[in-house]
Amino acid sequence: MVSIKSSCGCNTTSSETHKFIDCCVCKKIYLHSCAELSITEIRTIKSKKGVSWSCRNCNILSSDINDLKAAILSLRNDLAAREKSAGIDDKAFEELLAELGDRNNRKQNIIMFGVPESDTHDANTRRSRELETVQAVLKALPSGMNTDHIE
């Protein structure tokens, strides 16, 4: 005779299989009283093809998953509507983001007229020469500004 042990917490072991039902999601075995089902309900569920039962925990998780799926779908629809109403394609959007990034990087820049551009292609050398030029110009100003903090 086969003996079944419940996994619902009551640790009941019995050979009376009609008293047990397994969750179709987590596959844990529940005693009828822990599942809050009558033995008749368990027999009905087991006898009907295509009918299954899921435990309380799996029902809650399933509900939460369905809520998350609905929220994701709603966000996708909102995003699609905004993209459509903005009239901007992916390439233009990427260019816009790059421009905003460049503007942010340049917000601390100064513009000096009449100073020759560096002819080197090495970025570090060019930056070093430009920094020396800016410091020399600022030191030449009559106010005697401290330029040690300029990077």
Of the residues in the range 96-131, how many are surrounded by 10 or more Cβ atoms within 10 Å (Cβ to Cβ), part of a loop (DSSP other than H, G, I, E, B) and among the hydrophobic types (A, V, I, L, M, F, W, C)?
2
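Could you tell me which residue of the range 4-18 is most open to solvent (accessible area, probe 1.4 Å), considering only residues that are part of a loop (DSSP other than H, G, I, E, B) and more than 21 Å from Ile60 (Cβ to Cβ)? Write out each step before concluding.
Let us first name the residues in the range 4-18 that are part of a loop (DSSP other than H, G, I, E, B), namely 6-12, 15-16.
Those left that are additionally more than 21 Å from Ile60 (Cβ to Cβ): 11-12, 15-16.
Numbers: Asn11: 97, Thr12: 42, Ser15: 51, Glu16: 75 Å².
That would be Asn11.
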Does Ser118 satisfy being farther than 27 Å from Leu141 by Cα and of a type in the set (Ser, Thr, Tyr)?
no
Select from the range 19-63 the residues that are open to solvent by 50 Å² or more (accessible area, probe 1.4 Å) and in contact with a Ser or Thr (Cβ under 6 Å, 6 or more places away or on another chain) and write down the one among them that is farthest from Ile4 (Cα to Cα).
Val25
Mind checking whether some residue in the range 91-98 is of a type outside the set (Val, Ile, Thr) and at pLDDT 90 or above?
yes
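The values are calculated or read from the model by the stated rules, or taken from the named source; none is laboratory data. As the structure is a computational prediction, the values presented were derived from the model and not from experiment. Neighbour counts run over all protein chains shown; Cβ positions are idealised from the backbone, glycine included. Note: accessible area is taken over every heavy atom of the protein model, side chains too, but ligands, DNA and RNA are not part of it. Shrake-Rupley method; radii C 1.70, N 1.55, O 1.52, S 1.80 Å.
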